[in-house]
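Engineer: What follows is a single structure, and I will ask about it in a moment.
The values are calculated or read from the model by the stated rules, or taken from the named source; none is laboratory data. Source: prediction; values computed, not measured. Here the Cβ positions follow ideal geometry from the backbone for every residue, glycine too, while neighbour counts run over all protein chains shown. Quick note on the areas: whole protein, heavy atoms, side chains included, nothing else; ligands and nucleic acids left out. Shrake-Rupley method; radii C 1.70, N 1.55, O 1.52, S 1.80 Å.
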Amino acid sequence: MSKPSKLAHVVYMTRRYDEMLSWYKTVFEARVQYENPAFAFLTYDDEHHRFAFANMDMLNPNGTAADPPAGVGVNHVGYTFADVGELLETYARLKDAGITPYWRVHHGVTLSVYYRDPDGNRMEFQVDCCANADEAHTYMHSDAFAANPIGVEIDPDDLLTQYRSGVPAEQLMAMPAGPPAPIPPEHGLM
Ligand SMILES: [Fe+2]
C-alpha cells in the first residue's frame with residue numbers, strides 16, 4: 001500500500017493570532033511564507049508551510065474559543081504523498097474501505113483530499129504541486145492566489161480514471177479552472 005512520504009504540516013485555529021505567530025516565529029525560528037489578517041503560513045525549512053494559522057476572530061467573530069466545531073486548537077494535520085499516483089491509489093483503497101474525503105480541492109500549491117477520523121480529527125492527504133518552497137512562495141504572492149486563496153474543487157474519481165489510463169502526472173496535477181471551492185462545514189473554519 002501507499003503511505004505518506006512525510007508529515008507535512010499542522011494547521012491551528014486560534015483567537016490569539018498575533019501572539020501565536022510571534023510564539024512560533026520565536027520557538028521554531030520560523031519565517032512567514034504568506035500572511036493576511038485571516039490566514040498565515042510559516043515554515044522553518046524547505047517545506048512551503050510547516051504551520052498555518054487561521055484567525056478565528058476574523059473567520060467567525062461571534063464564536064468563542066470553546067465553541068465546537070469552530071473553536072481553537074488543531075484544525076488538521078497534513079501528510080504528503082510521494083506522487084499523485086500514490087495519492088489517488090490511496091484514495092481508491094480508502095474508498096473501497098468505505099472511507100471518503102469530506103473535501104477534495106486543488107489548492108494551487110497542493111492537490112488535496114481531506115478526511116476525518118472517527119473522533120472527527122481532520123487530516124489532509126496531499127501531493128505537492130510546487131517544486132519547492134520558493135515556487136510555493138511565488139504562487140502565494142501571485143494574482144491567481146489573491147483572487148482565489150482557497151482553491152478549486154477536484155473530482156478524485158475522474159483523476160483516478162485518468163491516472164490509470166496513463167495520463168501524465170503533470171496533467172493530473174494542473175490546477176483546474178473554476179470558482180473558489182466552498183469550505184465545507186466539516187472543515188470547522190466557519
Ligand atoms: Fe493543509
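Engineer: State the answer as a single residue: which of Gly151, Tyr139, His76 lies farthest towards the positive end of the charge dipole of the chain, with beta carbon charges of +1 for Lys and Arg and -1 for Asp and Glu, about the Cα centre.
Structural biologist: It is His76.
Engineer: Sticking with this structure for a sec: Could I have the simple spin-label model distance between Val27 and Leu94, label points 7 Å from Cα toward Cβ, reported in nm to one decimal?
Structural biologist: 2.7
Engineer: Once you order the gyration tensor axes a ≥ b ≥ c over the Cα atoms, which shape class does region 38-105 get: rounded for a/c under 1.5, otherwise prolate or oblate by comparing a/b with b/c?
Structural biologist: Note, shape of region 38-105 comes out oblate.
Engineer: Could you give the dipole magnitude of region 81-134 about its Cα centre, charging the beta-carbon of Lys and Arg +1 and that of Asp and Glu -1, in debye to the nearest 20? Spell out each step's value before the answer.
Structural biologist: On the way: 5 positive and 9 negative charges, 56 e Å.
Taking the Cα centre of region 81-134 as origin, the dipole is about 260 debye.
Engineer: Which distance in Å, rounded to a whole number, links the C-alpha centroids of region 37-95 and region 126-154?
Structural biologist: 15
Engineer: Can you show me the helix-derived [θ] at 222 nm for the chain, built from DSSP H runs with n ≥ 4 at -39,500 (n - 2.57) apiece and divided by the number of residues, rounded to the nearest 500.
Structural biologist: On the way: 7 runs with 56 residues, N = 190.
About -8000 deg cm²/dmol.
Engineer: Classify region 119-190 from the C-alpha gyration tensor, please: rounded if a/c falls under 1.5, else prolate or oblate depending on whether a/b exceeds b/c. Mind dumping the intermediate values first?
Structural biologist: On the way: a/c = 1.61, a/b = 1.09, b/c = 1.48.
Oblate, since a/c reaches 1.5 and b/c is not below a/b.
Engineer: Counting only heavy atoms of the protein chains, get the accessible area per residue of region 141-190 (1.4 Å probe) and round it to a whole Å² value. Display every interim value, and only then the final one.
Structural biologist: On the way: 2900 Å² over 50 residues.
For region 141-190, the per-residue accessible area is 58 Å².
Engineer: Would you mind telling me the share, in percent, of accessible area of region 101-144 contributed by carbon and sulfur at probe 1.4 angstrom?
Structural biologist: Details: 850 of 1880 Å².
That fraction is 45 percent.
Engineer: Taking square-rooted eigenvalues a ≥ b ≥ c of the alpha carbon gyration tensor, is region 1-141 rounded, prolate or oblate, where a/c under 1.5 means rounded and, failing that, a/b exceeding b/c means prolate? Write out the running numbers ahead of the final one.
Structural biologist: Values: a/c = 2.17, a/b = 1.27, b/c = 1.71.
The shape class here is oblate.
Engineer: Putting +1 on Lys and Arg Cβ atoms and -1 on Asp and Glu Cβ atoms, find which of Tyr17, Ser2, Tyr34 reaches farthest to the positive end of the dipole of region 1-47.
Structural biologist: Ser2
Engineer: When only Cα pairs under 8 Å and 6 or more residues apart are kept, what is the percent relative contact order across region 1-76?
Structural biologist: Numbers: 124 pairs, mean separation 28.4, N = 76.
Reported as a whole number, the value is 37 percent.
Engineer: Would you mind calculating the relative contact order of region 52-160 from Cα pairs under 8 angstrom and at least 6 residues apart, reporting the percent as a whole number?
Structural biologist: Details: 129 pairs, mean separation 28.0, N = 109.
It rounds to 26 percent for region 52-160.
Engineer: Here's a follow-up. In straight Cα distance, which lysines are under 27 Å from Lys25, not counting same-chain residues fewer than 8 positions off?
Structural biologist: Straight-line reach from Lys25, under 27 Å: Lys6.
Engineer: Okay, next question. Residue by residue through region 79-92, what is 3J(HN,Hα) from phi via Karplus (6.51 cos²θ - 1.76 cosθ + 1.60, θ = phi - 60°)? Round to whole Hz and write x for glycine and proline.
Structural biologist: With coefficients 6.51, -1.76 and 1.60, one gets 10, 9, 9, 5, 7, 5, x, 5, 5, 5, 5, 5, 3, 5 Hz.
Engineer: If you build a Gaussian network model of the chain, linking Cα atoms that sit under 10 Å apart, which residue out of Asn60, Asn36, Asn148 swings the most?
Structural biologist: Maximum fluctuation in the GNM of the chain, among the listed residues, is at Asn36.
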